[in-house]
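Chemist: Below is the structure I would like to discuss, written out as structure tokens.
The values are calculated or read from the model by the stated rules, or taken from the named source; none is laboratory data. Source: prediction; values computed, not measured. When we count neighbours, we look across all protein chains shown, and the Cβ atoms used for this are built from the backbone with ideal geometry, even at glycine. Surface accessibility is based on the protein's heavy atoms, side chains included, excluding ligands, DNA and RNA. Shrake-Rupley method; radii C 1.70, N 1.55, O 1.52, S 1.80 Å.
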Amino acid sequence: MTESVDAQDSSYAAARLRLLNQEAQSGPPRRAALATLTDQWLASLATEAAEATGTGGYALLAVGGYGRGELSPRSDLDLVLLHEPDGAKSIAALADRIWYPVWDLGLALDHSVRTPAEARKTAADDLKVQLGLLDARHIAGDPALTSALRSAVLADWRNQAPKRLPALHEMCQERAERQGELSYLLEPDLKEARGGLRDATALRAVAASWLADAPREGLEEARTRLLDARDALHLVTGRATDRLALQEQDAVAAALGLLDADTLLRQVYEAARRISYASDVTWREVERVLRSRESRPRRRGLLGRAAPRAFGGGPATPTEQERVPLADGVVELEGEAVLALSARPERDPVLPLRAAAAAAEAGLPLSIHAVRKLAAAARPLPVPWPAEAREQLVTLLGAGESTVPVWEALEAEGLITRLIPDWERVRCRPQRNAVHRFTVDRHLVEAAVQAAGLTRRVGRPDLLLTAALLHDIGKGWPGDHSEAGEVIARDVAARIGFGRADVETLAVLVRHHLLLIDTATRRDLDDPETVRMVAETVRDTSTLELLAALTEADALATGPAAWSTWRASLLEDLVTRVAGALDTGALPDSGDRAPTAEEERLAIEAARTGGPVLTLHAETEAEAEGEAQDEALGVELLLAVPDKPGLVAQAAGVLALHRLTVRAADLRSFDPIGEGPVALLSWRVSAEYGALPEAARLRTDLARAFDGTLDIESRLAERESAYPRRRGITPPPPRVTIAPGTSQTATVLEVRAHDAPGLLHRIGLALAAAAVTVRSARISTLGANAVDAFYVVGKDGNPLPESRAREVAKQVEAALR
């Protein structure tokens, strides 16, 4: 008998070695062949052992990865020996005759001996055991034992799913915190890291519960790719390791027939992202299903911890089941951003970006069904993009941390590369630099996330956010990535609809995004030539402030080693010196432009009638920016009214009541007929939802606001209580500063804040409460950011003293918090 067993062992070992050395057979076929070969060997061992020991009523099961038929070259053999309760006396001898030959061949073995009742109890107590048994497969012995246990375990799993799935999700989250994101690690653990094989197995377990299922498209291919990489890793190292170390990557790539290690990592990252995205979608669906089963309110998230409202935490109330508007064609439903019933993506090419921006702004995940419908039905954007599309992209980028999951959802369905074709070269591209935490594409998104927190420092947040997204777009091309990136940035900026001047600025930012940090850390700042060189490169202070903010965002997105207090101080010193050398320019004074004939006509009529006079007409981008553009940008509202304190607040409040978003505005005051000043407001507005209001209704409400019969504050508060806006992000706090030397005739207050309905109304109220007169204003909304400049004077008509100006700035800032 012993000689027979030894012969079987030797035959198996030789056949196993031949199979592993066959280069022509790899991947799933080899894993399946190895599992079949091992099944046959173990079945022979078990059969002969049962005959020798006289044991009956047993079954040998493969569980875990072996149960799924996924044997890698150095995988453990996960085995369970089942037996009837009355067979306990001989089962130990049977087990020895199976386990020892496995150990003798040097194979790793994870084994247990249990009755069916013990197996079920252990599974109930140990989630990992239960997961392994879900993949149980019969090898030898009584098939009825195996079938009965499988049925019982699956029934237990489905019955206990409301309790077990939250525990499984928590286990996955804790593992991700320990191991990190597989798709961004230079030396990833193919099994344990987030997006690895463990998560793929968890998705199988969720599907087995019948409560939810993962999006299947591409998922099996992703899992297969990770298994193939692990097989090659085992063969290259000769060890049972799941960590893809740097020194092994070239050999693993060669074993897989890939060009180089970067190609290997890129494929691994793509697979991990697919699994991660499927996991996010699946766990949201589990949360939704479990929440719907709740019969009583709960305060904690159903997955075992307090979950954010934006991601499904808390009970489902009737209000939460309603479709709450987020943007035109986009609503919130059950904790996700979904398409409105009236949405027509085939007629609305901007809808993908509008939906993404709305979801990110609200801190909501974008429904996979919405993303897939957009990917399938949305028409390509015209080139150059219409202004709304560009603004929605900027809003998406400016949403902070909420940008990342929404961006990943778009990318998972191919929408990002459709919008920005050059993105394909940086997608999942590894960075072989220990300083970098992320792949190139995720680094660019992370840079935009960091830039969103710095938008209050710059006059053009839209350019900062776009430059952050594009600054490393040249990586993957031959030569200096900054030089290549400049060329690409010009193309992308023109494609998405920026004007010529802005394209040039973005090109400078991308080309020189390393200039400030390299100069600050590598050059003598006391050398006049250092400052001269930087000043000649950036050319103006507006570009300098953008470049400084981009430098910080880039460093913060890179990793802890790229940014420090010392580096920040060096950068600040350099920027201060260069700004001084550039001799800071001034904002344009309000009296620079004479009124047009139409503006003068409206002002004269307002002066004679004493009431508001307005006109509405469509404004094209060619009119707005001096660039050729076919697409309409919005509507221009020209309003003339006798000047008086509080005018800005009242007019802005009426626009907010009519759900009009102010994209840009200009306010000037002059006396057209010598009977008193008339305020002339030129607003560029767009409807927040639906169609624009009728001009007659708008004029009526403006007249009521100006004569004090319209309670704007109460109306705004009433609307907000009826449709509360849910903000899943915490934007940077507002900032109000004084721009010294900008004007000789007024004090200029610069207000940078997160755009929201009624923001301009609140600013106007705060200025009126501070007893200052707004002589003129420059108001602009860039994405989700308001960047406003107010030219104010005191009661004597002169600029405010410095101390008084600081006091007013603090009052306005406090009113906006």
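Chemist: Report yes if PRO85 is assigned by TED's automatic domain parsing to the domain that holds ALA13, surrounded by fewer than 16 Cβ atoms within 10 Å (Cβ to Cβ) and under 43 Å from the mean Cα position of the chain (by Cα), otherwise no.
Modeler: no
Chemist: A follow-up question, please. Within region 401-452, take every residue that is open to solvent by 40 Å² or more (accessible area, probe 1.4 Å) and of a type in the set (A, V, I, L, M, F, W, C) and give me the one that is farthest from PRO732 (Cα to Cα).
Modeler: ALA434
Chemist: Starting from residues that are β-branched (Val, Ile, Thr) and over 31 Å from the mean Cα position of the chain (by Cα), keep the ones in region 738-762 and report whichever is nearest to LEU681 (Cα to Cα).
Modeler: In this case the residue turns out to be VAL748.
Chemist: Okay, next question. Exactly one of (1) modelled with pLDDT of 95 or more; (2) closer than 28 Å to VAL371 by Cβ is unmet by ALA214. Its number?
Modeler: The one condition ALA214 does not meet is (1).
Chemist: Condition (residue is of a type outside the set (D, E, K, R) and touching a Phe, Trp or Tyr at 6+ places or on another chain (Cβ under 8 Å)) applied to region 518-537: is it met by at least one residue?
Modeler: No, that holds for no residue.
Chemist: Which of (1) within 30 Å of ARG239 (Cβ to Cβ); (2) modelled with pLDDT under 95 does GLY57 not meet, given it meets every other one?
Modeler: Only one criterion is unmet by GLY57, namely (1).
Let's see how each residue does on (1) open to solvent by 40 Å² or more (accessible area, probe 1.4 Å); (2) at pLDDT below 90; (3) outside the structural domain of GLY783 (by TED's automatic domain parsing):
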site: ASP592; (1), (2), (3): yes, yes, yes
site: GLY610; (1), (2), (3): yes, yes, no
site: GLY626; (1), (2), (3): yes, yes, yes
site: GLU636; (1), (2), (3): no, yes, no
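Residues checked against (1) open to solvent by less than 10 Å² (accessible area, probe 1.4 Å); (2) modelled with pLDDT of 95 or more; (3) out of contact with any Phe, Trp or Tyr (no Cβ under 9 Å at 6 or more places or on another chain); (4) part of a loop (DSSP other than H, G, I, E, B):
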{"site": "ALA222", "(1), (2), (3), (4)": "yes, yes, yes, no"}
{"site": "ARG230", "(1), (2), (3), (4)": "no, yes, yes, no"}
{"site": "LEU235", "(1), (2), (3), (4)": "no, no, yes, no"}
{"site": "GLU270", "(1), (2), (3), (4)": "no, yes, yes, no"}
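Chemist: A further question follows. Tell me, yes or no, whether region 86-102 has at least one residue that is of a type in the set (Ser, Thr, Tyr) and touching a residue at least 60 places away in the same chain (Cβ under 8 Å).
Modeler: No, because not a single residue in region 86-102 is of a type in the set (Ser, Thr, Tyr) and touching a residue at least 60 places away in the same chain (Cβ under 8 Å).
Chemist: Another question about this same structure. Which of the residues spanning region 136-195 are assigned to a loop (DSSP other than H, G, I, E, B) and open to solvent by 30 Å² or more (accessible area, probe 1.4 Å)?
Modeler: Passing the criteria: ASP142, GLN160, LEU185, LEU186, GLU187, LYS191, GLU192.
Chemist: Is it fair to say GLU504 is within 30 Å of THR263 (Cβ to Cβ), outside any loop (DSSP other than H, G, I, E, B) and of a type in the set (Asp, Glu)?
Modeler: Considered against the rule, which asks whether it is within 30 Å of THR263 (Cβ to Cβ), outside any loop (DSSP other than H, G, I, E, B) and of a type in the set (Asp, Glu), GLU504 comes out as no.
Chemist: Separate question: Taking the criterion of being open to solvent by less than 10 Å² (accessible area, probe 1.4 Å), modelled with pLDDT of 85 or more, farther than 15 Å from LEU760 by Cα and in contact with a Ser or Thr (Cβ under 7 Å, 6 or more places away or on another chain), would at least one residue in region 643-651 satisfy it?
Modeler: no
Chemist: Could you grab me the full set of residues in region 109-123 that are within 46 Å of the chain's Cα centre (by Cα) and not in a helix (DSSP H, G or I)?
Modeler: LEU109, ASP110, HIS111, SER112
Chemist: I've got another one for you. Within region 652-685, track down each residue that is under 13 Å from PRO757 (Cβ atoms) and surrounded by 19 or more Cβ atoms within 10 Å (Cβ to Cβ).
Modeler: Those that are under 13 Å from PRO757 (Cβ atoms) and surrounded by 19 or more Cβ atoms within 10 Å (Cβ to Cβ): ALA652, GLY653, VAL654, LEU655, ALA656, LEU657, LEU660, VAL662, VAL685.
Chemist: Is it the case, given these coordinates, that THR700 is among the hydroxyl-bearing types (Ser, Thr, Tyr), modelled with pLDDT of 85 or more and open to solvent by 40 Å² or more (accessible area, probe 1.4 Å)?
Modeler: Judged against the criteria, THR700 is a match.
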